[in-house]
1. At R0 = 22 Å, how high is the FRET efficiency between ARG49 and THR22 if r is their beta carbon distance? Nearest 0.05 is fine.
2. Restricting to DSSP H runs of at least four residues, report the calculated mean residue ellipticity at 222 nm for the chain, -39500 (n - 2.57) per run over all residues, nearest 500 deg cm²/dmol.
3. Give me the percent relative contact order of the range 27-170, please, defined on Cα pairs under 8 angstrom at least 6 residues apart.
4. Using only the alpha-carbon atoms of the range 80-120 as identical scatterers, what base-10 log of I(q)/I(0) does the Debye formula give at q = 0.23, 0.26, 0.32, 0.35 Å⁻¹?
5. If you place +1 on the Cβ of every Lys and Arg and -1 on the Cβ of every Asp and Glu, how big does the dipole about the Cα centre of the chain come out, in debye to the nearest 20?
6. For the range 1-100, just say rounded, prolate or oblate: build the C-alpha gyration tensor, square-root its eigenvalues into a ≥ b ≥ c, call rounded for a/c under 1.5, and beyond that prolate if a/b exceeds b/c, oblate if not.
7. Can you give me the % of accessible surface on the range 10-58 that is carbon or sulfur? Probe 1.4 Å, all protein chains present, nothing else counted.
8. Using the charge dipole of the range 47-123 (Lys, Arg: +1 at Cβ; Asp, Glu: -1 at Cβ; taken about the Cα centre), state which of ALA53, ALA71, LEU96 has its Cα farthest towards the positive end.
Amino acid sequence: TVYETVDGGELPLLVFEPADGTRPAAGIVLFHGGALRAGSADGLAPHCRRLAARGIFAVSAGYRLLGQGAASIGDCVTDVRRAVERFRRLAASRGLDTSCLASGGSSAGAHIALVAAMTAPCGPVTAPDPGVAAVVALNPAGLDLLAFSPELRRTVEEQAGIAAGKAIEYSLIEFVRPGNPPM
């Protein structure tokens, strides 16, 4: 299936169901790695197949890549939020409530899933609503971007589509607080 981006485009959600119509015990949506510039939903399909074989409703989601529809890491995070919302609706149609859902990913996908779960979107919302009960992060990138040397931080900002001097807005350690979903 697909979900719609803010610009009206569509991105893939590869859906993997437990065998034999078994009601899933839980659900997870995963986002691929690739430094925000490469990769696709197919990248985590093998993981999703294994999870589905164990009774978990698993979805592998694409997101716009830098230079391919995304102007910044913020666009990628927006896509994650939209994908999680679509995933929640799909999971609800299978009898799963939010308490049984997780998001996550690998590398850059883990990073943007964590940012989406730990921060509020821009606008009138003042508190994060992760949309899931937990986050599964496989080797997330950029846990503490401010620990990098100034030169490396500038390089990371440039490569990840982060505005100069704004690494703190995507440094995960800055968002650790009570109320975050388990990770």
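The values are calculated or read from the model by the stated rules, or taken from the named source; none is laboratory data. Computed from a predicted model, the values in this text were never measured in an experiment. For neighbour counting, all protein chains shown are included, and Cβ atoms are generated from backbone atoms with ideal geometry for every residue, glycine included. Just so you know, the surface numbers come from the protein's heavy atoms only, side chains and all, with ligands and any DNA or RNA stripped out. Shrake-Rupley method; radii C 1.70, N 1.55, O 1.52, S 1.80 Å.
1. Numbers: r = 15 Å, r/R0 = 0.67.
Between ARG49 and THR22 the formula returns 0.90.
2. -9000 deg cm²/dmol
3. Computed value for the range 27-170: 25 percent relative contact order.
4. Computed log10 I(q)/I(0) values: -0.77, -0.90, -1.08, -1.14.
5. Numbers: 16 positive and 17 negative charges, 84 e Å.
Once rounded to the nearest 20, the dipole reads 400 debye.
6. Values: a/c = 2.59, a/b = 1.74, b/c = 1.49.
Judged from the Cα gyration tensor, the range 1-100 comes out prolate (a/c at least 1.5, a/b above b/c).
7. Numbers: 1350 of 2440 Å².
Answer for the range 10-58 is 56 percent, counting heavy atoms of protein chains only.
8. Checking the options against the dipole of the range 47-123, the answer is ALA53.
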